[in-house]
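Okay, so here's the structure we're looking at.
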Amino acid sequence: MESRVLLKNRKPDRILDLAEYRASGGYSAAAEMLQTGRPADVQEALEAAGLLGRGGAAFSMGVKLSTVAEYAPFPRYMVCNADEMEPGTFKDRVLIHTSPHLLIEGMLLAAFSARAEHGIIFIRPEYENAARILEREVALAREQGLLGKNIFNSGFDFDIVVHRSGGRYICGEGTALLNALEGKRPNPRKPPPYPTVKGLWQLPTVVQNVETLCFVPHVVQNGAEWFRNLAAGPDEAGTKIYSVSGRVRRPGCYELPMGTALSEIIETHAGGMAGNGRFKACLPGGASTRYMPESMYHREMGYQSLSDAGFRLGTAAVMVFDHSACLVGATVNLLAFFARESCGWCTPCRDGLPYLHDLLRRIENGQGRAEFVPMLREMAGQMGLAYCAFAPGAAAPVESLITYFEDEVREHIKAGRCPFREAE
Amino acid sequence: MPKLIIDNLEIEVPEGTRVIEAAEKLGIYIPRFCFHHALGAVGACRVCAVKVLEGAVEGVQMSCMIDAQDGMKVSTTDPEAADFRRSVIEWLMLNHPHDCPVCDEGGHCLLQDLTVAGGHSIRRYEGGKRTYTDQYLGPLVQHEMNRCIQCYRCVRFYREYSGYNDLGVTGIAGRVYFGRLREGVLESPFAGNLIDICPTGVFTDKPSRYTGRRWDFERTPGVCIHCSLGCRTTVSARYRQVGRMEGRFSQRVNGDFICDRGRYGFYYADRPGRPRSGRISGQTVSVDQAVYEARDRLQRITEEHGPQAVGVIGSGRSSLQTQSAMVHLCRTTGWQGPVFRNTRITGAAADTAACALNPENAVSMRELETADAILAVGADPVNEAPVLALAMRQAQRAGAQITAIDPRPLEWPFDFEHLACRAEEIGEALASAAERLSDSRRPVVICGTEITDAGIVLQAADLVAGLRGSGKTAGLFCTLPQANSFGAALLDECNACAADLAARVEAGQIRALAVIESDLWHDFPDRPQLEKALEKLDLLVSVDFLDTPLFEKADIGIPSLTVFEAGGIYVNQEGRAQQVRPAHTGGLPITVTGAGDHPPRTFAPNVPGRDMPAAWVTAFCLAGQAPPETDAQMTAWMRYNFAVLSDLARMDADGVRLFAGGKTPIAHEATMPEKPEQCLELLLAAAVFGGEPMSDYSQCLRELAGLPAVWMDRADADRHGIAAGDRVGLGFENGEVSFVVRISDHMAPGVLVVYRHPDIDWQPRAGDTRYNIREDRIRRIEKA
């Protein structure tokens, strides 16, 4: 049973337009909050609801808003991170194409909470359609007084611009995104100070993922209790959009209770394994998370549950591999991506990832040697000492490959070729 | 003050000290590539990893990114940290070309040192290396991008620290590239510092390429003498000639960096035309012969016409030794002089600046970096004293408001407010701008002496006194024309200038001139007057290490030693006397031909050309006295004979401050005449490259001087129908000079600015550094 909160208005061929959105109760949460509520009400509701950032870091949005000090300087910025570039993740795009006003209302409420007057949607340039939709709908919202000056006669001003990213993976990193917006190189910044204290142009800035923001109107309207109860387990909260891809029959976006078991996601919702394959492993949350082996097949896919088991839910982009897939080859592919997308700031990431890639590529191509395995293990561990979270994320597939599939790696080395490929 | 333990050693450091610096205080050198104490910590290279055993954040941390905290326990030798550092170096070496044998950095390369120190000696990586195309970056800096280890020091220095934007980073991941958007000459006059801060051989010294390894050079601490700031340098000499100059750290003066004029200005010292033997009436003689001939003939003129018939002219580029020996020479012989300035107006401004300085209001350049408001009056640091602009930028980055009162089209590498006014309006503008400093606590007034006069300098000094009176720690910072103009002001006893002596020559009172290390030909504002005076002389003696036109014209020429051979004491514009040691022995450079005949096969008991004396030795000989035998005895002699120099006894590594202490500067009554109607005022101004007599001999710097140009305010240009790039002729009384036009929107209207240029032989036409050009004498020769 899919519990549809964010995707309840999803239509097969078009977005939900403003009139439809308002007819379905849209903007009523914002209207009521702006007219009668306090900024702290939004923050308190979100904190109580336990809404965690859906972009991958899983940091409580309510706690983040609480770090915007009351006497912090103005203007403040509300930035929506729509730079969805984590391989395997395609939920934000679906959300924007489903109900752009849900996002706009979410930003409005979040901005109200932080008393931010400037909103920026930072969107990846490949999402040109989504960017145009947002530009059009933002303009319509402005026409109807839902954005702009004195919204709902509350005295609160807020407006949104849509900014297309330069188009590199690292731009989606929260602090690199701020540098990119400032026209600088998208090198991540090292907190402290955190963006909520000194963000865009050194002013308080709240950066949130599309999916997270889309929850805000629902939480404000229905309360924390309701939100917590959406989840599948007591330690989780809300629903989650799982972007399922790989060797399943029906890949796609599924909004399910947070903590739905992996087996249920695959079998009940994604139509089971494709081609009668057998589940071998999956990346649970995009390319920068560890492989989950077969032993985790029935694990609940929630932030807490995976974290307890030593994994990361990330963006909940579930990439499924069956027993015909070579995980060494898959990891070489992922590393090629990360080695290419490093911002080039720190040594482990810029030079270490190509090294990892080179070693693994040699193994895949049959030129591997036994000493490569400990080298891979050591260097993957050392990626944890890089400047930002990029390199540790990039190393996660490598480290988990060596941990759970060392035999497969050694088989490559022993055979002098990839056992999954036809012998030449 | 946090107290922490690093490798079992306890140390207490000021709040905010990074662990990497705390360790350094203990003598523990933690490897680093991106960290640089002037540029700060950015955590990019990750090679400074240490393990925090006890503290707020435990585990392996970057020591440049964490502040020392009370009770912290740090290990730099922990295996986990050491292994990580070794990995970082291995990663950095993946793409490095290992071309050390042909790399000029080899021998003083941080990457080389740390690769060896870190224990990475066997290459495991079997993949390919990325390669780059290098860029032409001008005559000073050689670019070799393949060697790059991406520490980002270059762009952090170039863009953030020094404020120029034509060098930057492009690309991401393993394709990060440090260079210009398009290849071309680097715009920053501080670009040479890239060579010093690059931890490997990406940026190397172009003119000295392939001439020697670090260990081949005799390296000597030096002081730059190409402007009045006295920045510290390290002189590298080999084969009896200077090969390379680098910045040397100074806590008080220049910090870490120097400008490119200072770095590349030394080529005058070994150019082929340099005087190395005596000359009498055009005939080459031995140095001794020339000295004795000069002494005898000057003595004869003294006997025949009295001591008043001999004049002595010196300059601010001589060492304090030479200047004091010249004063002694005139004291003992009764000759006129020595005069150290050319004209009364510029001399009075410089003297007044030196005399206005006292222990209370004097600020060093490093102190200026902490100013919270700066008012610059008639000063153009980028051109007159470049490193001062770097210091001002650091103040501005820390929040100082900077205001400039100046007619020139100032192009400074930081934000400032420019109150453009004509030179004669500076005083008025200064009076009304003073209130800008009223909210500050540590204001500094910078005053130039190139286009101002003594009145402006006094007004600036009074402003500082007033600010100090109202409880502010206000400072006065004046720039002077030459490296030792301050010393000249301290020693001057005759209250006259070269123009006065020239007039006395014309009047027949003076029959002989001894000109010692003076750029009179270059700097004297009225060359027809100078030429007439020289013709009238019975005897002209020139003592110099430069083959100036004056040396060529002299009846007797006596060569002298450069600062690299003789050393000396130079007093910078804040009164700081700094000792320079000789960098190499005098004598002809050893020529290495590489054709198989090295070393030279002619043997002699003496070093060829070793018989040249320092100018101060010659001065003693002209006085008929034996000079002190050693440098130390000379310094003692100076302290004993000149009360104002007695503090030289306290000179340490930071030098010692000397003050004039109530001395009266040379008088100058007249301020500038009012500008006549229908005239534009031509201002001749200093340029960073061009116009400083010594560095003009450096071919690589001449390349940077560009074409002689005249700057015009846009309204003035429009009125004449002149556009940028046009060639115009400016009509002077005795001829026309042509310039390329540059147009500015932020200079004083009614003013034309010409920056000094080695190719402009301006003195025959312009009477002074300020000159009025009638508007109908401005003619467009050629359209752009």
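The values are calculated or read from the model by the stated rules, or taken from the named source; none is laboratory data. Keep in mind that this is a model prediction, so the values were computed, not measured. Glycine gets a Cβ as well: all are built from the backbone with ideal geometry, and neighbour counts include every protein chain shown.
Couple of notes before you dig in:
Per-residue answers, yes or no, for (1) modelled with pLDDT of 95 or more; (2) more than 28 Å from B:Lys129 (Cβ to Cβ):
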position: B:Phe178; (1), (2): yes, no
position: B:Ser188; (1), (2): yes, yes
position: B:Arg232; (1), (2): yes, yes
position: B:Ser236; (1), (2): yes, yes
position: B:Arg240; (1), (2): no, yes
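- A:Asn179, sole failed condition from (1) within 22 Å of B:Ala173 (Cα to Cα); (2) more than 14 Å from chain B (Cβ to nearest Cβ); (3) free of Cβ contacts under 8 Å to residues at least 12 places away in the same chain: (2)
- Among (1) outside any helix (DSSP H, G or I); (2) in contact with a helix residue (DSSP H, G or I) (Cβ under 8 Å, 6 or more places away or on another chain); (3) closer than 30 Å to A:Arg22 by Cα, the one test that A:Asn150 misses: (2)
- Close pairs from the range B:609-624: first outside any loop (DSSP other than H, G, I, E, B), partner hydroxyl-bearing (Ser, Thr, Tyr), Cβ under 7 Å, at least 6 apart: B:Ala615/B:Ser318; B:Ala615/B:Thr322; B:Ala615/B:Ser560; B:Trp616/B:Thr322; B:Thr618/B:Ser560; B:Ala619/B:Thr322
- In the range A:332-369, of all residues being assigned to a loop (DSSP other than H, G, I, E, B) and at the interface with another protein chain (Cβ under 8 Å from one of its Cβ atoms), the one that is farthest from A:Glu411 (Cα to Cα) corresponds to A:Trp345.
- Being under 24 Å from the mean Cα position of the chain (by Cα) and not aromatic (Phe, Trp, Tyr) holds for only one residue in B:Arg341, B:Arg279, and it is B:Arg341.
- Among residues of the range B:566-591 that are closer than 17 Å to B:Thr322 by Cβ, those with a beta-carbon under 8 Å from a residue that is at pLDDT below 90 and among the β-branched types (Val, Ile, Thr) at least six positions away or on a different chain give the pairs B:Gly586/B:Val607.
- Some residue of the range A:318-325 being more than 13 Å from chain B (Cβ to nearest Cβ), surrounded by fewer than 23 Cβ atoms within 10 Å (Cβ to Cβ) and charged (D, E, K, R): yes
- Residue check: B:Gly174 meets all listed conditions (1) away from chain A (no Cβ under 14 Å); (2) over 30 Å from B:Gln482 (Cβ atoms) but one, namely (1).
- When A:Glu117, A:Glu84 are checked against the criterion of being at negative phi and either surrounded by fewer than 18 Cβ atoms within 10 Å (Cβ to Cβ) or not assigned by TED's automatic domain parsing to the domain that holds A:His218 (or both), a single residue qualifies: A:Glu117.
- The requirement of being part of a helix (DSSP H, G or I), in contact with an Asp or Glu (Cβ under 9 Å, 6 or more places away or on another chain), among the aliphatic types (A, V, I, L, M) and touching a residue at least 24 places away in the same chain (Cβ under 8 Å) is fulfilled somewhere in the range A:388-401, by at least one residue.
- Scanning the range A:349-366 for residues that are farther than 14 Å from A:Ala396 by Cα, in contact (Cβ under 8 Å) with a residue 12 or more places away in the chain and not hydrophobic (A, V, I, L, M, F, W, C) turns up A:Pro354, A:Tyr355, A:Arg361, A:Glu364, A:Asn365, A:Gly366.
- Hits in the range A:182-232 - residues which are in a helix (DSSP H, G or I) and either closer than 22 Å to A:Met85 by Cα or within 14 Å of another protein chain (Cβ to nearest Cβ) (or both): A:Leu200, A:Gln202, A:Val210, A:Glu211, A:Thr212, A:Leu213, A:Cys214, A:Phe215
- Set side by side, the residues B:Gly163, B:Gly174 differ, and just one is surrounded by fewer than 24 Cβ atoms within 10 Å (Cβ to Cβ) and under 19 Å from the mean Cα position of the chain (by Cα), which is B:Gly163.
- Flag if B:Ile20 is closer than 25 Å to B:Met93 by Cα, away from every other protein chain (no Cβ under 12 Å) and among the aliphatic types (A, V, I, L, M): yes
- Of the strands (runs of 3 or more DSSP E) lying entirely inside the range B:473-559, those containing at least 2 residues that are within 22 Å of B:Glu384 (Cα to Cα) span B:475-478.
- Taking the range B:92-119 as the range and being within 13 Å of chain A (Cβ to nearest Cβ) and not polar (S, T, N, Q) as the test, the residues that pass are B:Leu92, B:Met93, B:Leu94, B:His96, B:Leu111, B:Leu114, B:Gly118.
- Checklist (1) modelled with pLDDT of 95 or more; (2) buried (at least 16 other Cβ atoms within 10 Å of the Cβ) applied to B:His120, failing item: (1)
- Of the residues making up the range B:77-85, at least one is closer than 20 Å to B:Arg123 by Cα, within 9 Å of chain A (Cβ to nearest Cβ) and crowded, with 20+ Cβ neighbours inside 10 Å.
- When every residue of the range A:99-120 is checked against the conditions, at least one turns out to be of a type in the set (Ser, Thr, Tyr), farther than 19 Å from A:Gly174 by Cβ and touching a helix residue (DSSP H, G or I) at 6+ places or on another chain (Cβ under 9 Å).
- Among the residues of this structure, A:Val373 counts as one that is in contact with a Lys or Arg (Cβ under 8 Å, 6 or more places away or on another chain) and in a helix (DSSP H, G or I).
- Tally, over the range B:52-74, of residues that are surrounded by 18 or more Cβ atoms within 10 Å (Cβ to Cβ), more than 11 Å from every other protein chain (Cβ to nearest Cβ) and not in a loop (DSSP other than H, G, I, E, B): 2
- Per-region count, the range B:173-208, residues over 21 Å from B:Phe35 (Cα atoms) and of a type in the set (A, V, I, L, M): 3
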